[in-house]
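Colleague: Following this message is one structure expressed as C-alpha cells.
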Amino acid sequence: MVLIAEDDPIVRTVINKTLGGIIKNAFVTDGAELITKYKEILPDILILDIHLPNKSGLELIAEIKKIDPAAYIVMLSADSSRENVINAMSKGAVNFLTKPFTRHKLLEVINNCPTISKQYE
C-alpha cells in the first residue's frame, strides 16, 4: 500500500494513473489528515509533498517516525534545492522525488521499497 500526501490534483491524477492496477494507493490532501490516515492503513511507503496545507511535509516526517520508526518516506517537491533534500534526508526520508517526475522514476522509487518489492516476487 502506498499513501500519497499531495494537495495538487494534477499530481494526484498522474500518480493514480501510474499506480492504478499495479498497487493499492490512498491519498490525503493536507498535513492534518495525514497522521490519522497513516495510523489507519500503515502503508508500505509514504510519498510526502514538502508543501502541504496545515503542516509542512518536513514537520510531518518526525511525527510519522514516532508512529512508525521504520516508515519508508519519499519526499515529493518541485523545490529540490540542496537544502530541502538534505533536510528531508536528515529527518528520515529515504528518497526525494522531484516534480515533474516521469512514470519510470516514480515506479523506480516505489520498487526500491523492500516491502513493496517483496509483494511482486
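Colleague: Output the residues belonging to region 60-96 that are aliphatic (A, V, I, L, M) and surrounded by fewer than 19 Cβ atoms within 10 Å (Cβ to Cβ). Full working, then the answer.
Modeller: Restricting attention to region 60-96, the residues satisfying the condition of being aliphatic (A, V, I, L, M) are 60-62, 64, 67, 70-71, 73-76, 78, 85-86, 88-89, 93-94.
Answer for region 60-96, where residues must be aliphatic (A, V, I, L, M) and surrounded by fewer than 19 Cβ atoms within 10 Å (Cβ to Cβ): A62, I67, A70, A78, V85, I86, M89, V94.
Colleague: If you don't mind, there's one more thing I want to ask. Might you check whether a residue that is charged (D, E, K, R) and over 21 Å from T102 (Cα atoms) occurs anywhere in region 13-31?
Modeller: yes
Colleague: Residue by residue through region 85-121, note down the ones that are among the polar types (S, T, N, Q) and modelled with pLDDT of 90 or more.
Modeller: N87, S90, N95, T98, T102, N111, N112, listed by residue number.
Colleague: Check region 94-113 and report whether any residue there is of a type outside the set (A, V, I, L, M, F, W, C) and in contact with a strand residue (DSSP E or B) (Cβ under 6 Å, 6 or more places away or on another chain).
Modeller: Checked region 94-113: at least one residue is of a type outside the set (A, V, I, L, M, F, W, C) and in contact with a strand residue (DSSP E or B) (Cβ under 6 Å, 6 or more places away or on another chain).
Colleague: Pull up region 32-50, narrow it to residues that are more than 12 Å from the chain's Cα centre (by Cα) and of a type outside the set (D, E, K, R), then point me to the one that is farthest from I116 (Cα to Cα). Walk me through how you get there before you give the answer.
Modeller: Residues of region 32-50 that are more than 12 Å from the chain's Cα centre (by Cα), as a first pass: 32-33, 35-37, 39-42.
This time we only want the ones that are of a type outside the set (D, E, K, R), so: 32, 35-36, 41-42.
Details: A32: 26, I35: 21, T36: 22, I41: 15, L42: 13 Å.
Here the answer is A32.
Colleague: Residue by residue through region 1-20, note down the ones that are assigned to a loop (DSSP other than H, G, I, E, B) and of a type in the set (K, R).
Modeller: none
Colleague: Among the residues of region 1-41, count how many are in contact with a strand residue (DSSP E or B) (Cβ under 9 Å, 6 or more places away or on another chain) and touching a residue at least 40 places away in the same chain (Cβ under 8 Å).
Modeller: 13
Colleague: Starting from residues that are of a type outside the set (A, V, I, L, M, F, W, C) and free of Cβ contacts under 8 Å to residues at least 12 places away in the same chain, keep the ones in region 51-80 and report whichever is nearest to T115 (Cα to Cα). Talk me through it step by step, then tell me what you get.
Modeller: First pass over region 51-80, keeping only residues of a type outside the set (A, V, I, L, M, F, W, C): 51, 53-57, 59, 63, 65-66, 68-69, 72, 77, 79-80.
Keeping just the survivors that are free of Cβ contacts under 8 Å to residues at least 12 places away in the same chain gives 66, 69.
Working: K66: 20, P69: 15 Å.
So the residue we want is P69.
The values are calculated or read from the model by the stated rules, or taken from the named source; none is laboratory data. Given the structure is predicted, the values throughout are model-derived calculations rather than measurements. Neighbour counts are summed over all protein chains in view; Cβ atoms, including those assigned to glycine, are modelled from backbone coordinates with ideal geometry.
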